[in-house]
Structure formats: structure tokens, C-alpha cells
Amino acid sequence: MGVDWTPARVRAGVDANELAALIAEDARLNHLHGRGADFAPGVTWQQPAPELTELWHDTNRRLRACLEIPVDGEGYWYSFRVAVIARNPLFPEEWRDAAWTTLPPARAAAEVTRWHHRYAEVRDGLRPTPAEADLEWAGDFFTWVRPWIDDCYGLYLWS
């Protein structure tokens, strides 16, 4: 099972501070559960305590309740792998590390713009292409995400 972004809008009436707190807690708990974590050679991931797993599920349910998530004609969420940014050496390490979270609409627009700018610089030969960078996959992502961003959607992280 992978980790994906799916387009999402914030429901009317959701408190911005509550949403920000839920996103931060969800990101923290995702990391504790191995989503987005890179472990050094020889370091083994340890399953968090059951109460942390329940807190993670509860936090994610509360976050999801704040969002409107569109579905396709078959009832499935639209999605794209977070790894397109988070595991792609095309982008600086700190950007990749920061990608493992839900991005509300304004932040999603800013991040996608920044990521696309870097992608375009490399694609157009203005920056060297990092070893193992996946330009084609990144291009597919920008084609997928741009209409959602233009329609004021954010990106909800789910796994």
C-alpha cells in the first residue's frame, strides 16, 4: 500500500486553527507510523504503541471530516503518489521531507508552483538533472494536479 495525495477542499465552517492542528498532528503520527520516514542502514522501524495507532486513526478521521473529497464515476478518490515529490531527487531534500503532509488549498498552490518551477528549470536545462530524477513522472503529476489547484483544491495525504 502506498501513500497518496487526493484533491480535497476544506468544508465550510471548519476552523482554520483546528484544521492546522489536525494537519500537524496527522503528519507527526504518519511519520511515527513509517509514512515518509527514511531509516538509516541497520535501523529498523518499530511499530508504535497501540494507543498511538488509535490516536493516528482518530486524528485522520477528524481531519477527513473537515474535508470534501471528490470521487470519480466509480466512487473512487482521485489520487497520485506523494513519492513523485517526496522520493524524487529532482527536488531538494528539505522539500521532499516536507511533502509528507496534507496541504490545504493555499499552501498546495504555493508548493505546487514552487515544485513546478524547479521541474521546469531542470526540464529546460537551466539546472543540471540530478541522478535518478524522474522528470517524466513529475511531468505527469503536474498535468494531473494543475486543474485541481486551479479549482482551489488542496491535497489530502492518505495511505
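The values are calculated or read from the model by the stated rules, or taken from the named source; none is laboratory data. As the structure is a computational prediction, the values presented were derived from the model and not from experiment. No Cβ is skipped: glycine too gets one built from the backbone with ideal geometry, and neighbour counts run over all protein chains shown.
Please count how many residues of region 46-60 are loosely packed, with under 10 Cβ neighbours inside 10 Å and either small (Gly, Ala, Ser) or in a helix (DSSP H, G or I) (or both). Even if it seems obvious, please write down each step before you answer.
Here is the first cut: in region 46-60, the residues loosely packed, with under 10 Cβ neighbours inside 10 Å are 46, 50-51.
From the residues that got through so far, the ones that are either small (Gly, Ala, Ser) or in a helix (DSSP H, G or I) (or both) too are 50-51.
Residues that pass the stated criteria total 2.
Among the numbered criteria (1) free of Cβ contacts under 8 Å to residues at least 24 places away in the same chain; (2) in contact with a helix residue (DSSP H, G or I) (Cβ under 6 Å, 6 or more places away or on another chain); (3) assigned to a helix (DSSP H, G or I), which single criterion is violated by residue 116?
So the condition that residue 116 fails would be (1).
Could you list, in sequence order, the residues of region 114-159 that are farther than 30 Å from residue 10 by Cα and either of a type in the set (D, E, K, R) or under 20 Å from the mean Cα position of the chain (by Cα) (or both)?
Here is the first cut: in region 114-159, the ones farther than 30 Å from residue 10 by Cα are 121-136.
Hits for region 114-159 are 121, 123, 124, 127, 132, 133, 134, 135, 136.
Do we find that residue 114 is exposed (fewer than 14 other Cβ atoms within 10 Å of the Cβ) and among the basic types (Lys, Arg) in this structure?
Numbers: exposed (fewer than 14 other Cβ atoms within 10 Å of the Cβ): yes; among the basic types (Lys, Arg): yes.
Considered against the rule, which asks whether it is exposed (fewer than 14 other Cβ atoms within 10 Å of the Cβ) and among the basic types (Lys, Arg), residue 114 comes out as yes.
For region 1-13, how many residues are exposed (fewer than 15 other Cβ atoms within 10 Å of the Cβ) and out of contact with any strand residue (DSSP E or B) (no Cβ under 6 Å at 6 or more places or on another chain)? Break it down into steps so the answer makes sense when it comes.
Our first condition is that a residue be exposed (fewer than 15 other Cβ atoms within 10 Å of the Cβ); within region 1-13, this holds for 1-2, 11-13.
Next cut, out of contact with any strand residue (DSSP E or B) (no Cβ under 6 Å at 6 or more places or on another chain) only: 1, 12-13.
Residues flagged as exposed (fewer than 15 other Cβ atoms within 10 Å of the Cβ) and out of contact with any strand residue (DSSP E or B) (no Cβ under 6 Å at 6 or more places or on another chain) within region 1-13 amount to 3.
Please enumerate the residues belonging to region 1-43 that are modelled with pLDDT under 70 and within 12 Å of the chain's Cα centre (by Cα). Give the derivation first.
At the first step, the residues of region 1-43 found to be modelled with pLDDT under 70 are 1, 35-43.
Scanning region 1-43 gives 35, 36.
Each row is one residue, and each column tells you yes or no for (1) of a type outside the set (A, V, I, L, M); (2) out of contact with any helix residue (DSSP H, G or I) (no Cβ under 8 Å at 6 or more places or on another chain).
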site	(1), (2)
59	yes, no
67	no, yes
79	yes, yes
94	yes, yes
108	no, no
122	no, no
131	no, yes
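For region 60-78, which positions are in contact with a Gly (Cβ under 9 Å, 6 or more places away or on another chain) and among the polar types (S, T, N, Q)? Reasoning before the result, please.
Let us first name the residues in region 60-78 that are in contact with a Gly (Cβ under 9 Å, 6 or more places away or on another chain), namely 67.
None; the set is empty.
Within region 78-91, is there a residue that is within 17 Å of the chain's Cα centre (by Cα), of a type in the set (Lys, Arg) and surrounded by 14 or more Cβ atoms within 10 Å (Cβ to Cβ)? First the steps, then the outcome.
Let us first name the residues in region 78-91 that are within 17 Å of the chain's Cα centre (by Cα), namely 78-91.
Pick out the ones that are also of a type in the set (Lys, Arg) and you get 81, 87.
Remaining after also requiring surrounded by 14 or more Cβ atoms within 10 Å (Cβ to Cβ): 81, 87.
There is at least one residue in region 78-91 that is within 17 Å of the chain's Cα centre (by Cα), of a type in the set (Lys, Arg) and surrounded by 14 or more Cβ atoms within 10 Å (Cβ to Cβ).
Restricting to region 87-111, what's the tally of residues that are of a type outside the set (Gly, Ala, Ser), assigned to a helix (DSSP H, G or I) and touching a strand residue (DSSP E or B) at 6+ places or on another chain (Cβ under 8 Å)?
Narrowing region 87-111 to residues of a type outside the set (Gly, Ala, Ser): 87-97, 100-105, 107, 111.
Among the residues that remain, those that are also assigned to a helix (DSSP H, G or I) are: 93-97, 105, 107, 111.
Now narrow it down to the ones that are touching a strand residue (DSSP E or B) at 6+ places or on another chain (Cβ under 8 Å): 105, 107, 111.
So the count comes out to 3.
Give me the pairs, please: first residue somewhere in region 44-58 and modelled with pLDDT under 80, second residue anywhere and surrounded by 10 or more Cβ atoms within 10 Å (Cβ to Cβ) and not in a loop (DSSP other than H, G, I, E, B), beta-carbon distance under 6 Å, and either six or more positions apart or on two chains.
48/32
Of all the residues that make up region 120-159, how many are loosely packed, with under 15 Cβ neighbours inside 10 Å and in a helix (DSSP H, G or I)?
Step one: of region 120-159, the residues loosely packed, with under 15 Cβ neighbours inside 10 Å are 120-121, 124-132, 135-136, 140, 143, 146-147, 150-152, 159.
This time we only want the ones that are in a helix (DSSP H, G or I), so: 120-121, 135-136, 140, 143, 146-147, 150.
So the answer is 9.
Any residue in region 64-77 that's in a loop (DSSP other than H, G, I, E, B): show its pairings with residues that are among the β-branched types (Val, Ile, Thr) at Cβ separation under 7 Å, as long as the two are six or more apart or on different chains.
Sorted first by the residue in region 64-77, then by its partner, the pairs are 66/10; 66/14; 69/6.
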